[in-house]
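*Asks:* Structure incoming, see below.
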2 protein chains.
Amino acid sequence: METIDTLINARWVIPVEPDCEAKDHHSIAIKGGRVIGLFPTSEAKQRYEAEEVIDRPRHAVMPGLVNAHTHAAMSLLRGLADDLPLMNWLKGHIWPAESRWVSAEFVADGTELAIAEMLRGGTTCFSDMYFFPDVVARTASRLGIRVCAGLIVLDFPSAWADSPDEYLSKGLELHDEYKAHPLVTTAFAPHAPYTVGDQPLERLRKLSDELDAPVHVHLHETAEEIRQSQERYGERPIERFHRLGLISPLLAAVHMTQLEEADLASIVEARSNVVHCPESNLKLASGLCPVARLLKAGINVALGTDGAASNNDLDMIGEMRTAALIGKLAADSAEALSARDVLRMATLNGARTLGLGEETGSLVPGKWADAICIDLARLNTEPVYDPVSQIVYAASRDQVVDVWVGGHRLLADGVLERLDEGAVLERTRSWQRLISESPER
Amino acid sequence: METIDTLINARWVIPVEPDCEAKDHHSIAIKGGRVIGLFPTSEAKQRYEAEEVIDRPRHAVMPGLVNAHTHAAMSLLRGLADDLPLMNWLKGHIWPAESRWVSAEFVADGTELAIAEMLRGGTTCFSDMYFFPDVVARTASRLGIRVCAGLIVLDFPSAWADSPDEYLSKGLELHDEYKAHPLVTTAFAPHAPYTVGDQPLERLRKLSDELDAPVHVHLHETAEEIRQSQERYGERPIERFHRLGLISPLLAAVHMTQLEEADLASIVEARSNVVHCPESNLKLASGLCPVARLLKAGINVALGTDGAASNNDLDMIGEMRTAALIGKLAADSAEALSARDVLRMATLNGARTLGLGEETGSLVPGKWADAICIDLARLNTEPVYDPVSQIVYAASRDQVVDVWVGGHRLLADGVLERLDEGAVLERTRSWQRLISESPER
């Protein structure tokens, strides 16, 4: 018998690779932080002698969820301004609050709140875009969650950097610092076509090519963005990014509503990645991303919550549900975007978007043991004719009872192991008092 | 000081009437099952001597949620067949399963499962449409939840009745039995334009007028329904119902997608009620109900989950979120269908649709004490700049910690008082085994 660290015996295992079908009475074997085997439980018990055995007799085990687009620290601004369109929301509320409050401390506390919420709801990896990515990387690494820290670039100054050059040089420094880190990777993160000019984008593109680093950007979020780009550059944002060499397999294009045939063709030809943020797109009335069509064209489409200020939570289970529901609307077909499609988007496709497709996103031997366990024995998820369908269409995030990242158990029976929930909430309330009382509000 | 039964001291009270603004540090006084006062906590403590005092220092208290359209017993078929359009789903899966399995026992067990899920998630009143409404009424009454039992009518026979006349006569019997019941009311419930002919609809309309009873019907659910009606009757379903005298203030028209100007005008003129079921409409790709437009025209629009087989849960908090999000999409405006709009739809508008507008749906003196308490001190709902926004856009149903119906506490600190959750799940699994193994599946 082989000695291993952990054996999880589950009622169902949904490996995502090779497919999203639930395997009855299967077990996951973990050693050295990685999945080393997936077998029927009866067989696994004969093969392995585990230091820790975890029995989950009415639960589904699946890969951890990958939140492919968020602004973690913005959780401190959750609910500050709702029911407003993107530009009013940004210019009238979010940007003023950010320019008043964003600091290393704000980002540390906001990111910790976000990570606590994400781990509690089964997210094991997130792609972030925010100021002070050094703080984001440090916080994630300390708390044990996997992160792709976005090296943000903007034309205008912030508390983090004064110029596009400084954003980029600070970003490069961070990239170097985390080159070999087991949990932290980085991506270039130009904010959006309307906030970054051609020159920094060109420089960033060269760096991204040299370092083989993903480029994470808001793209085609609203009709207004496209109108502005046509006015200023005579090009749609995708055309402009194509001219700048940015439409490539390294691109993670976030939002992607308002797509014309030429936009689609450009993305398909380059094999770029798309990150769908359905709840944010709906809440800001930005538009619909044609997800079923993109998937059919072979595009890798991932799923993200966006920041909590425009969602207003970081709940990837809820986001899968919304994606499946509005995917059917966008395609005008109840068969479009099935439960299995969105489960893959929320796991493997997310990992691939971040360049981590060989490391996480599915439960296959050799990958990191980034896994979650969902209790389906609840009033809202019984009977269980199909566990995948129950997870996507009926489960709530509070049914996530265990979370492992790289084999480390970060949520155990519903309790966060490395976080003091009470302390996180206390710090959150301190920020709320400050921000609520400020005249900018 | 006045002696009362219960005093709930909350961080916020959201009364819904006169408005949906949260009142800081307010208390609800309950006596004889009814709300008798709503005051600032400091004042309430001086006015009342309560047998039971409940302090909820980081919680919002609001009216119980009213699920204005469901088929409770269908919870036993939750997840049986997903990602299919309405007619395939009905004819290929749901109707065959129902004709094989529906019985008084099926309805008793399925309704109990549904009520357990609904109470757990803050629903205090539901409008049902299913076979064996006598069993639905009895189960709801035993478990203490408020129900409007739909007296179903169909052209085709079922385990409950053989002919439209039998459906109606059994329905009338039930109506009489519950005439003065504190928890149970009834409504006529012709299934849909495509399943009930003119003759039974005419008889039903006369009875509804005589008894002043609501008429609860699926109407304009899909484009196909409209096409069929035009083919068979030469009229759109709303035109046909208008000809039959059914477009009236007693009408609760469920779904209402595919509305043309004349349809809208007819509904507005008659002051009929509309029940919006966004998740079911999305899941079956039925279409979008123009909710913001209906509200603007003065229509009373309520909210329902539909049955768990097409949703797949009975979560009214999630349904509010989906309604707000797709309401913005349908209206192409982020300002359309605010958090406050959907909160009112999910409470007061629901009560009005069932003819219970003077009895429940808001926390005003004289109404039944149908109230719920939501814990907002969670990782996903802090900070709290605006409690209404947090409830609609960020809270989960598991944050509902207390539920009262008519002053009786049915959920206390997250525990169902009159239900054995384990026994409910055991019976659910027995049905699952039977249904899974049947050749019809």
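*Asks:* Given label points at 7 Å from Cα along Cα→Cβ, what nm distances, shortest first, separate B:A412 from the same residue in every other copy?
*Replies:* 3.3
*Asks:* Determine, at each q value in 0.04, 0.05, 0.10 (inverse angstroms), the log₁₀ of I(q)/I(0) that the Debye formula gives when each Cα of the protein assembly as shown is one equal point scatterer.
*Replies:* -0.17, -0.27, -1.10
*Asks:* State whether region B:266-362 is rounded, prolate or oblate according to the following rule on the C-alpha gyration tensor (a ≥ b ≥ c being the square roots of its eigenvalues): a/c under 1.5 gives rounded; otherwise a/b larger than b/c gives prolate, and the remaining case gives oblate.
*Replies:* rounded
*Asks:* Region A:406-441: which residues show an accessible-area loss of 20 Å² or more, assembly versus chain alone, 1.4 Å probe?
*Replies:* Residues meeting the cut-off: A:E421, A:L425, A:T428, A:R429, A:Q432, A:R441.
*Asks:* Something else about it: I'd like the residues of region A:55-82 whose 1.4 Å-probe accessible area shrinks by no less than 50 Å² going from the isolated chain to the full set of protein chains.
*Replies:* A:R78
*Asks:* Roughly how crowded by other chains is peptide A:390-398, in terms of the mean Cβ count from those chains within 10 Å of each of its Cβ atoms?
*Replies:* Counting other chains' Cβ atoms within 10 Å and averaging over A:390-398 gives 6.
*Asks:* Pull up the cross-link candidates among the lysines for B:K31, meaning alpha carbon to alpha carbon under 16 Å and not fewer than 8 places away within one chain.
*Replies:* The qualifying lysines are B:K45, B:K367.
*Asks:* Which trypsin sites (Lys or Arg not before Pro) from region A:237-271 combine a DSSP loop assignment with at most 12 other Cβ atoms within 10 Å?
*Replies:* none
*Asks:* Please work out whether region A:67-123 counts as rounded, prolate or oblate from its C-alpha gyration tensor, where a ≥ b ≥ c are the square roots of the eigenvalues and a/c under 1.5 means rounded, while otherwise a/b larger than b/c means prolate and anything else oblate?
*Replies:* oblate
*Asks:* Could you tell me which residue out of A:G304, A:N380, A:I94 lies farthest along the dipole of chain A toward its positive end? Charges go on the beta carbon: Lys and Arg +1, Asp and Glu -1, centred on the Cα centre.
*Replies:* A:N380
*Asks:* Taking a label point 7 Å out from Cα toward Cβ, give me the nm distances from B:A423 to the same spot in the other copies, shortest first, one decimal.
*Replies:* So the distances to the same position in the other copies read 4.5 nm.
*Asks:* Run lengths n ≥ 4 of DSSP H only: what is the helix-derived mean residue ellipticity at 222 nm for the protein assembly as shown, with -39500 (n - 2.57) per run over all residues, to the nearest 500?
*Replies:* -10500 deg cm²/dmol
*Asks:* Given Cα pairs under 8 Å that are at least 6 residues apart, what percent is the relative contact order of region B:310-441?
*Replies:* 18 percent
*Asks:* Around A:R378, which amide H atoms from residues at least 5 apart in sequence, or from another chain, sit under 5 Å from its own amide H, with H modelled in the peptide plane?
*Replies:* none
*Asks:* At a 1.4 Å probe radius, carbon and sulfur cover how many percent of the accessible area of chain A?
*Replies:* 47 percent
*Asks:* Could you pull the accessible area for B:K45 with a 1.4 Å probe, rounded to 10 Å²?
*Replies:* About 110 Å², rounded to the nearest 10.
*Asks:* To continue, here is another question. Relative contact order, percent, of region B:65-353 when contacts are C-alpha pairs under 8 Å separated by at least 6 residues?
*Replies:* Here the relative contact order equals 21 percent.
*Asks:* While we're looking at this one, here's another question. Which aspartates and glutamates have a Cα less than 19 Å from the Cα of B:K91, not counting those fewer than 8 places away in the same chain?
*Replies:* By straight Cα distance, B:K91 reaches A:E335, B:D82, B:D83, B:D155, B:E221, B:E224, B:E225, B:D306, B:E440.
*Asks:* If DNA, RNA and ligands are ignored and the probe is 1.4 Å, what is the ranking of A:H216, A:H181 by accessible area, most exposed first?
*Replies:* A:H181, A:H216
*Asks:* Among B:A253, B:T322, B:Y167, whose Cα sits farthest toward the positive end of the charge dipole of region B:65-353 (+1 at Cβ of Lys/Arg, -1 at Cβ of Asp/Glu, about the Cα centre)?
*Replies:* The listed residue farthest towards the positive side: B:T322.
*Asks:* Sticking with this one: Just check region B:65-353 against the gyration tensor rule for me: Cα atoms, a ≥ b ≥ c as the square roots of the eigenvalues, rounded for a/c under 1.5, and otherwise prolate or oblate depending on whether a/b exceeds b/c.
*Replies:* rounded
*Asks:* Something else: For the protein assembly as shown, report the accessible area per residue in Å² (1.4 Å probe, heavy atoms, rounded to an integer).
*Replies:* 33 Å²
*Asks:* Here's something else I'd like to know. Run through the other copies and list how far each one's label point is from that of A:P57, in nm with one decimal, shortest first; the point sits 7 Å from Cα along Cα-Cβ.
*Replies:* 4.0
*Asks:* Same structure, new question: About its Cα centre, how strong a charge dipole does chain A have in debye, to the nearest 20, once Lys and Arg get +1 and Asp and Glu get -1 at the Cβ?
*Replies:* Approximately 360 debye in magnitude.
*Asks:* What's the buried accessible area, both sides, between B and A using a 1.4 Å probe, rounded to 100 Å²?
*Replies:* Interface area, both chains combined: 5000 Å², rounded to the nearest 100.
*Asks:* Express in nm, to one decimal, how much length is gained between A:S333 and A:K206 on full extension, taking 0.36 nm for each residue of separation and deducting their alpha carbon distance.
*Replies:* 41.6 nm
*Asks:* Taking every DSSP beta bridge with both residues inside the protein assembly as shown, roughly what % is antiparallel (nearest 5)?
*Replies:* 40 percent
*Asks:* Kindly list the residues of region B:105-145 that lie in the label zone of B:E166, defined by a backbone N under 15 Å from the point 7 Å along the Cα-to-C-beta vector.
*Replies:* B:131-133
*Asks:* While we're on this one: Can you compute 3J(HN,Hα) from phi for each residue in region A:222-231, using the Karplus curve 6.51 cos²θ - 1.76 cosθ + 1.60 with θ = phi - 60°, rounded to whole Hz and x for Gly and Pro?
*Replies:* With the stated coefficients, region A:222-231 comes to 9, 4, 5, 4, 5, 4, 4, 5, 5, 5 Hz.
The values are calculated or read from the model by the stated rules, or taken from the named source; none is laboratory data. Remember, it's a predicted structure, so these values are computed and weren't measured experimentally. Because the Cβ atoms are built from the backbone with ideal geometry, glycine has one as well, and the counts that use them run over all protein chains shown. These accessible areas exclude ligands, DNA and RNA; they are computed on the full protein's heavy atoms, side chains included. Shrake-Rupley method; radii C 1.70, N 1.55, O 1.52, S 1.80 Å.
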